[in-house]
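Throughout, read-outs are computed from the coordinates displayed, never taken from laboratory work. All figures in this text were calculated on a predicted structure; none of them were measured in a lab. Cβ placement follows ideal geometry from the backbone for every residue including glycine, while neighbour counts extend to all protein chains displayed.
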Number of protein chains: 2
Amino acid sequence: MSDRRLATAPVSSLWSPDEFEAAIRAVGAERYHDKHTFHKLLHGGKLSKGQVQAWALNRYCYQEAVPRKDAAFISRVHDRELRREWLHRVHDHDGLPPEELGGIERWLVLTDGLGLQREYVTSMAGALPATRFAVEAYVHFVREQPLTIAVASSLTELFAPSIHRERIAGMLENYDFISDDVLAYFKRRLTQAPRDATFALEYVKQNAKTRDEQEACVDAVRFKCNVLWAQLDALEHAYVEGNIPPGAFVPDVK
Amino acid sequence: MSDRRLATAPVSSLWSPDEFEAAIRAVGAERYHDKHTFHKLLHGGKLSKGQVQAWALNRYCYQEAVPRKDAAFISRVHDRELRREWLHRVHDHDGLPPEELGGIERWLVLTDGLGLQREYVTSMAGALPATRFAVEAYVHFVREQPLTIAVASSLTELFAPSIHRERIAGMLENYDFISDDVLAYFKRRLTQAPRDATFALEYVKQNAKTRDEQEACVDAVRFKCNVLWAQLDALEHAYVEGNIPPGAFVPDVK
């Protein structure tokens, strides 16, 4: 992309912080997974319990990857203050005993509520391979990309609170197998995600010092949206269109 | 898996070489991508030119990853003889000047023949994110797994010649936009794949020294089948069922 741009136009100048933020937010408007059909089916009460089970056990793979992704990030940071700031993300997902259960445990309360065996969920044996590939692509991205770009890939959290609010309301209203207490994960994320997103947005604004770096940050948000979108594509293909790949979870409830 | 097995049965004994090979081949019979609907549509002449274009430009990502995967393997090998043996795989794909063009170049002859711009194909800008995630999962697998398991993941080539023969015949017969010369890639693989598969099969038979290692090799073949299957799932979802994700290739021919 940048080569082609250089050939036909003058070198682009640095975006202002506001222009940079607008470019990041435009990616959400274009391709955040709240635009996906499967998301609409899920929240609109159009899925069977078996389909919601499939969603929850696949999405577990994403939850399970997030603290590894954050640890991969921390492992590359030489600035102690930044490591300390980032570490609470691992606590948010893994819990900090004895007080707090953490996001993964809260996710398992949801899968419990859906009638799935914990051992089966955490083994990830029934997850779609496409889910695992997408999720691990995110871990590898954060492990391999420059730090500022790695931070930028977390910025989909800018778009998360509205999807979480919509999810809580839509799922409670539409599914009799979903109760308020099993949605603890999403309620907790309503406060966690904005705090993290604010920090990360400030970080990339301060640390992306060229237009190329700024564009790479926007591409990182696009990449991350693709990670989320591909998971819903795979769910829709397998469990809405009925093409479950060999070895993946087969619902036994309607 | 092994924990559960240990809890309910005595420790399994080493498979004989023949049992081990049979377990590997059974994976192909169960889930090699010649069983996939999209494969049948492709070879049966049921796809439009635009759909064949989508297949070819996505599959380019796989071709492009293979020599990187092989270099990742070589980078971990301390045995010079094994490195020398493995290196011809990189030549097979990248070519060894001045004589041989290599598999990637032959793939581009196919995409040329389909009317796609080389720059667009090689940029991979229009490829499905799910394709990239699956393909890179293979590169990471080979970079991260024990060497014997990494070798085992190449063993889908045991199943490749029949799919290639089927592809050559089916595509020539069914599509007027496919000519004999653009199928050079597959014709060349008819001799390359069996040579490589024979070596790799012999290698894992000699180097998997416990039942756990043997089972991990079989799992590696399963993993690799999933990499191939997920690519066809993504193509089918996007280009047969009509759910093209944001930013991906949109055919402009029927």
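List of remarks:
- Applying a length cut-off of 27 Å (Cα extent along the axis) and a mean Kyte-Doolittle floor of -0.5 to the DSSP H helices of chain B leaves B:49-74, B:211-235.
- Each Cα pair under 8 Å and six or more residues apart adds its separation to the average, and for chain A the resulting relative contact order is 33 percent.
- Dipole in debye (nearest 20) - region B:16-240, about Cα centre, beta carbon charges: Lys, Arg +1; Asp, Glu -1: 200
- Between identical copies, the spacing of A:Pro251 label points, each set 7 Å from Cα toward the C-beta atom, reads 3.1 nm from nearest to farthest.
- Cross-link partners of B:Lys205 among aspartates and glutamates (Cα-Cα below 15 Å; sequence separation of 8 or more within a chain): B:Asp18, B:Glu19, B:Glu21, B:Asp196, B:Glu213, B:Glu215, B:Asp219
- Inverse of mean 1/r across different Cα pairs in chain B, Kirkwood, Å: 19.2
- Label spacing, shortest first and in nm, from A:Lys40 to its equivalents in the remaining copies (7 angstrom along Cα→Cβ): 3.0
- Two-site FRET efficiency, A:Ala22 against A:Ser123, from Cβ-Cβ distance with R₀ of 30 Å, rounded to 0.05: 0.10
- Estimated FRET transfer efficiency (A:Thr37, B:Arg195; beta-carbon r; R0 60 Å; 0.05): 0.85
- In nm, spacing of pseudo-spin labels at B:Asn174 and B:Arg211 (7 Å Cα→C-beta vector): 4.3
- Springs join every pair of Cα atoms under 10 Å in this Gaussian network model of chain B, and among B:Arg83, B:Arg59, B:Arg106 the largest mean-square fluctuation is at B:Arg83.
- Multiplying the residue separation of B:Lys46 and B:Leu87 by 0.36 nm and subtracting their alpha-carbon distance yields 11.0 nm.
- Lysines with Cα under 17 Å of A:Lys49, excluding same-chain neighbours fewer than 8 positions away: A:Lys40, A:Lys254
- Applying the criteria of a DSSP loop state and at most 15 other Cβ atoms within 10 Å to the GluC sites (Glu not before Pro) of region B:205-254 yields B:Glu241.
- Pairwise inverse Cα distances across the protein assembly as shown, averaged and inverted, put the Kirkwood hydrodynamic radius at 24.5 Å.
- Remark: the protein assembly as shown carries a charge dipole of roughly 40 debye about the Cα centre, counting +1 on each Lys and Arg Cβ and -1 on each Asp and Glu Cβ.
- Using a 7 Å Cα-to-Cβ projection, B:Gln117 label spacings across copies, nm, ascending: 5.4
- Intensity falloff of region A:109-150 expressed as log10 I(q)/I(0), Debye formula with alpha-carbon point scatterers, at q = 0.23, 0.24, 0.29 Å⁻¹: -0.78, -0.80, -0.93
- Max mean-square fluctuation residue, GNM over chain B, Cα-Cα springs under 10 Å, options B:Ala71, B:Ala216, B:Ala29: B:Ala29
- Per-residue mean of C-beta atoms belonging to partner chains within 10 Å, peptide A:243-249: 5
- The modelled label-to-label distance between B:Glu30 and A:Ala29, using points 7 Å beyond Cα along the C-beta direction, is 4.9 nm.
- Distance from the Cα centroid of region B:199-254 to that of region A:31-56 is 25 Å (rounded to whole angstrom).
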